[in-house]
1. Among the residues of the stretch A:291-314, count how many are more than 18 Å from A:Arg328 (Cβ to Cβ) and free of Cβ contacts under 8 Å to residues at least 12 places away in the same chain.
2. Give the residues of the stretch B:385-430 that are outside any loop (DSSP other than H, G, I, E, B) and aliphatic (A, V, I, L, M), sorted by residue number.
3. Filter the stretch B:360-388 for residues that are among the β-branched types (Val, Ile, Thr) and within 20 Å of the chain's Cα centre (by Cα); which is farthest from B:Thr282 (Cα to Cα)?
4. Go through (1) touching a Phe, Trp or Tyr at 6+ places or on another chain (Cβ under 7 Å); (2) outside the structural domain of A:Asp191 (by TED's automatic domain parsing) for A:Asn390 and report which single condition fails.
5. Any residue at all in the stretch A:347-356 that is in a loop (DSSP other than H, G, I, E, B), aliphatic (A, V, I, L, M) and closer than 20 Å to A:Glu233 by Cβ?
6. So which residues in the stretch B:19-31 are among the hydroxyl-bearing types (Ser, Thr, Tyr) and either under 18 Å from B:Trp132 (Cβ atoms) or in a helix (DSSP H, G or I) (or both)?
7. Would a scan of the stretch A:19-32 turn up a residue that is over 23 Å from the mean Cα position of the chain (by Cα) and either within 26 Å of A:Ala190 (Cα to Cα) or touching a residue at least 24 places away in the same chain (Cβ under 8 Å) (or both)?
8. Would you confirm, using the coordinates I've provided, whether A:Ala74 is surrounded by fewer than 19 Cβ atoms within 10 Å (Cβ to Cβ) and within 21 Å of the chain's Cα centre (by Cα)?
2 protein chains.
Amino acid sequence: MVDIATRVYNHRWRIDPIVRSLLDTDFYKLLMCQSVYRNARDTQVTFSLINRTKAIRLADLIDEGELRAQLDYARGLRLTRGESTWLRGNTFYGKRQMFRSDFMEWFETFQLPPYHLEKRDGQYELTFEGAWPEVMMWEIPALAILMELRSRAVLGDMKRFELQVLYARAMTRVWEKIERLRKIEGLKIADFGTRRRHGFLWQDWCVQAMLEGLGEAFTGTSNCLIAMRRDLEAVGTNAHELPMVFAALAETEHELRQAPYKVLEAWHEEHEGNLRIILPDTYGTNGFLAHAPDWLAAWTGVRIDSGNPFEGAQRAIDWWRARGEDPRKKLIIFSDGLDVAQIEDLHAHFRGQVKVSFGWGTLLTNDFRKLVAEDALAPFSLVCKAVAANGRPTVKLSDNPEKATGPAEEIARYRRVFEVGAQAAMPVVV
Amino acid sequence: MVDIATRVYNHRWRIDPIVRSLLDTDFYKLLMCQSVYRNARDTQVTFSLINRTKAIRLADLIDEGELRAQLDYARGLRLTRGESTWLRGNTFYGKRQMFRSDFMEWFETFQLPPYHLEKRDGQYELTFEGAWPEVMMWEIPALAILMELRSRAVLGDMKRFELQVLYARAMTRVWEKIERLRKIEGLKIADFGTRRRHGFLWQDWCVQAMLEGLGEAFTGTSNCLIAMRRDLEAVGTNAHELPMVFAALAETEHELRQAPYKVLEAWHEEHEGNLRIILPDTYGTNGFLAHAPDWLAAWTGVRIDSGNPFEGAQRAIDWWRARGEDPRKKLIIFSDGLDVAQIEDLHAHFRGQVKVSFGWGTLLTNDFRKLVAEDALAPFSLVCKAVAANGRPTVKLSDNPEKATGPAEEIARYRRVFEVGAQAAMPVVV
């Protein structure tokens, strides 16, 4: 029996909104936003959406009106009372009241700020300018909207059973990955796939399949809305945007060199335990670890997000040993373009040496490779980054020169200041 | 939004009924039933359900109470007004009023007669006794109920996503078959998969997938209920039960030898065109064709349902030529345990020589091979046959000695009377 009211109601929607909640974002954005709100709320930043895969001409695929309608819809969102209650009342990483009252009061009235959209060379130039705590909240919804509009554009002409079989194939693929992961003893893995997901409902499906298929090995999702609805742990800590913005604000080379540590000082005061995870690659892991203050070696772990992950993890282990720390008590989180084979290899290699966990992203929530003609749903590398702070360009180097962002002369300056030597280039898939 | 009324209503069902309509049966049962009703309605017959795959111990898998509840539910069914309207008003094989008023009046008050159920050696002995037109209507619902209860028994312990992925895999498999079939130019294929289907909803899905995927190449379904609901052609002509019962009633060896032709005489008077399809294998195709009267050579086609289908079809072609008929104007329907590779081969081999069409059964609607542990959903050979008529045993020989049914001494007598020589044994999969 059709629920007529539901059907009539659904047909009144002008669009099928992609982002329907301010909590449909990564948990670490909220953690970072609180930190920024408390420590640097007046910093003016520009975020820009960049498609690193130029061959995918998003502006040809996606209708501008539809994109604007989705962005406008997201701008209309406010934190609901139930969402606020969940953030205020929940325990995150074992801690009650992770989000303080002053931040929650601000967030309860928050709306996403205006955006600027232009087409150029078959791509969209989508930028956001304003106060850092506001602008930064665009990152995940902007990416999720673009990604899902691209999926919809590709799927637009498919017939009903063709579509059902497409999803049947994709489900089978995810499940076969889960069946392989199930065999890994001691696995700990979380969903980090919000930003480049195929679509919201698909991410939600993948998360539930992980929950059923992996049980205790599945440690949670970075997506706050899914965590809330499915009663899961919301996970994540911090990202490159903090050192990138603070570095851009540095007045001297000394300040610049210290910026990545200064960011973590504030984090150290705010957070403990499993939230004390170093992301060392913003300006090269080698230099970061070599010059790191000793208190950082006492942190819980390291997240490896670029470069060769075996080398990156080994570097962290060696560093802990050199600083008198026992690596077996430390945690390494791998999160860069993972898929099952690499998860198996990394787990097998490092198990026993260090605690290992995985933040699985795009190839969990958007692996539709080869499932449609011309591989038109292949994942691609879309990012939304801070490109300027108080009028100065930001720079990210990472451990893979292919992932470096910023003006060329600034990249060169940063490479010099941070003493980044030769780096091996690796292809960026996602 | 949940439709609360639907949910409450659904939870009131004591069981989840498998057969919910008297039209959830094969079209040829209705055609044959009308013929029997008009020509032999007082004949007393016994039908018996036989599991030819002894390794599958149905009585260990399926709860007797559940089986009885399903059979009892089917006994409560009556033809609805809309179903009657569809039968009376529809055009079948280009003919209006295929079902005459006297038959329809009888069918409108029809209910399935009592059944007799016992357990023996891990199997169910399920028999039906009474007037032929009533008893014969049990064949398809009895098979469909047993098949679906077996599916449910195997799936009973599976978790939610495990189940969804199982169906995702099965859908993908069906779709891949359809994608292969789509490449066959001039293909004509129908669904004959009611009796040994995985389940009703699954058959309905397969039929709709065929419709979307094959378009004009998909010529219809043998299932009347699905044909009615999906606005498709209902297809099928006649089966072995007619010659089997008439043969059992023969008083002399001459009458026995003539019985298969006498059955078709009545059919000849009743039907034309594409309903004039010979099923020659009941007592061996060779003898049947050799002794067939000339008017049978003028019939539209032959259905090949046992033995080597290449040999069977070639035999029919040779026979038509010998009788002065042009095989290119004749139709051969293949319907014995088909899967895609054989459909491709048969089509490629006979295309141009004769019109070819396919009745695809179990491996369309129940191909879950290797999809669950221990291959517990592999198809198996369950049949429901007339075993006696007016107190005498029936016999079927077919072109494969593995498919012969009846008492051994009667099989021997029939083999002698019908001059059946050596036959090649072929494994019976479904």
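The values are calculated or read from the model by the stated rules, or taken from the named source; none is laboratory data. All figures in this text were calculated on a predicted structure; none of them were measured in a lab. Glycine also receives a Cβ, built like all others from the backbone with ideal geometry; neighbour counts cover every protein chain displayed.
1. Matching residues across the stretch A:291-314 total 1.
2. From the stretch B:385-430, those outside any loop (DSSP other than H, G, I, E, B) are B:385-389, B:392-393, B:396, B:401-403, B:405, B:408-417; that's our starting set.
If the condition is that a residue be outside any loop (DSSP other than H, G, I, E, B) and aliphatic (A, V, I, L, M), then B:Ala386, B:Val387, B:Ala388, B:Ala389, B:Ala408, B:Ile411, B:Ala412, B:Val417 are the ones that fit.
3. Quick first cut of the stretch B:360-388, residues among the β-branched types (Val, Ile, Thr) only: B:362, B:365, B:372, B:383, B:387.
Then drop every residue that is not within 20 Å of the chain's Cα centre (by Cα), which leaves B:362, B:365, B:383, B:387.
On the way: B:Thr362: 21, B:Thr365: 25, B:Val383: 15, B:Val387: 14 Å.
Per the stated criteria, the residue is B:Thr365.
4. Result: A:Asn390 fails condition (1) only.
5. The first filter runs over the stretch A:347-356 and keeps only residues in a loop (DSSP other than H, G, I, E, B), leaving A:352-353.
Those left that are additionally aliphatic (A, V, I, L, M): none.
No.
6. In the first step, residues of the stretch B:19-31 are kept if they are among the hydroxyl-bearing types (Ser, Thr, Tyr); the result is B:21, B:25, B:28.
The answer is B:Thr25, B:Tyr28.
7. Residues of the stretch A:19-32 that are over 23 Å from the mean Cα position of the chain (by Cα), as a first pass: none.
No, the stretch A:19-32 contains no residue that is over 23 Å from the mean Cα position of the chain (by Cα) and either within 26 Å of A:Ala190 (Cα to Cα) or touching a residue at least 24 places away in the same chain (Cβ under 8 Å) (or both).
8. Numbers: surrounded by fewer than 19 Cβ atoms within 10 Å (Cβ to Cβ): no; within 21 Å of the chain's Cα centre (by Cα): yes.
Here the answer is no, as A:Ala74 does not meet what is asked.
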